[in-house]
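Structure, as structure tokens:
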Ligand code: AMP
């Protein structure tokens with residue numbers, strides 16, 4: 001399956017993507033994670049991306065599209081993938097369509113995670129992520145680790161993302177509304193959008209998502 005996950009920052013895209021990718025046996029491709037890996041490895045691409053990310057702005061398409069294309073060209077993505085955080089504007093969605101057309105394949109669904117804005121800010125402000133595996137996500141109030149600052153799953157150090165400060169979150173939300181939301185209409189016109197509520201327990205949202213993808217297929 002080829003799936004695109006959309007939703008505002010804090011909707012739980014990363015968490016859901018990890019579970020869904022595992023359930024569906026397809027790789028989870030997160031452009032945010034790819035940028036963060038480049039930053040921690042000190043690559044040129046990471047240096048180009050950093051200032052935009054810290055400001056909560058989108059990294060320019062020239063950088064992002066090439067990086068996403070390289071990742072999708074890897075052998076594990078030949079039969080499908082779950083894209084998390086890409087495309088993030090209509091230009092990227094058009095570029096993705098061209099890439100898929102060149103390969104003679106199509107998207108199966110665009111899963112839209114819906115969550116109210118007040119909830120987004122609360123979720124992000126308390127979010128803590130594992131340095132060893134970004135799929136291990138905690139929340140200081142909603143899903144606290146057993147030991148503060150330590151990942152329950154692997155013992156890794158938990159940290160707060162630089163762009164999870166309240167001010168940057170507001171910018172990221174505005175960017176989401178103005179630049180990313182229009183891709184929902186773009187994909188709706190192609191009959192691909194399935195919207196689900198991202199409220200509730202992680203396992204409940206995963207079940208809802210699997211159900212929605214299944215009925216979409218049928
Ligand atoms: P995320 O981990 O998906 O929340 O992404 C974190 C940050 O990485 C975003 O706020 C952007 O600065 C950058 N980023 C991730 N994906 C994209 C993309 N598709 N286009 C442009 N910038 C992106």
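Read the figures in this text as sums done on the coordinates, not as results from a lab. This structure is a prediction, so every number in the text was calculated from the model and none was measured. Please note: Cβ atoms are built from the backbone with ideal geometry, for glycine as well, and neighbour counts cover all protein chains shown.
Right, residue 41: more than 12 Å from the ligand (Cβ to nearest atom) and surrounded by 22 or more Cβ atoms within 10 Å (Cβ to Cβ) or not? Considered against the rule, which asks whether it is more than 12 Å from the ligand (Cβ to nearest atom) and surrounded by 22 or more Cβ atoms within 10 Å (Cβ to Cβ), residue 41 comes out as no. Close contacts from the stretch 83-102, counting a first residue that is on the phi > 0 side of the Ramachandran plot and a second that is within 13 Å of the ligand (Cβ to nearest atom) and assigned to a strand (DSSP E or B), with Cβ to Cβ under 7 Å and a gap of 6+ residues or different chains, come to 85/30.
Could you tell me whether the stretch 54-64 includes any residue that is in contact (Cβ under 8 Å) with a residue 60 or more places away in the chain and either more than 15 Å from the ligand (Cβ to nearest atom) or outside any loop (DSSP other than H, G, I, E, B) (or both)? Taking every residue of the stretch 54-64 in turn, at least one turns out to be in contact (Cβ under 8 Å) with a residue 60 or more places away in the chain and either more than 15 Å from the ligand (Cβ to nearest atom) or outside any loop (DSSP other than H, G, I, E, B) (or both). Candidates 68, 49, 17, 21: the one that is away from the ligand (no atom under 12 Å from the Cβ), part of a helix (DSSP H, G or I) and crowded, with 19+ Cβ neighbours inside 10 Å is 21. The residues in the stretch 24-36 that are assigned to a helix (DSSP H, G or I) and within 11 Å of the ligand (Cβ to nearest atom) can be counted, and the count is 6. Within the stretch 71-81, track down each residue that is in contact with a helix residue (DSSP H, G or I) (Cβ under 8 Å, 6 or more places away or on another chain), outside any loop (DSSP other than H, G, I, E, B) and more than 13 Å from the ligand (Cβ to nearest atom). Scanning the stretch 71-81 gives 77, 81.
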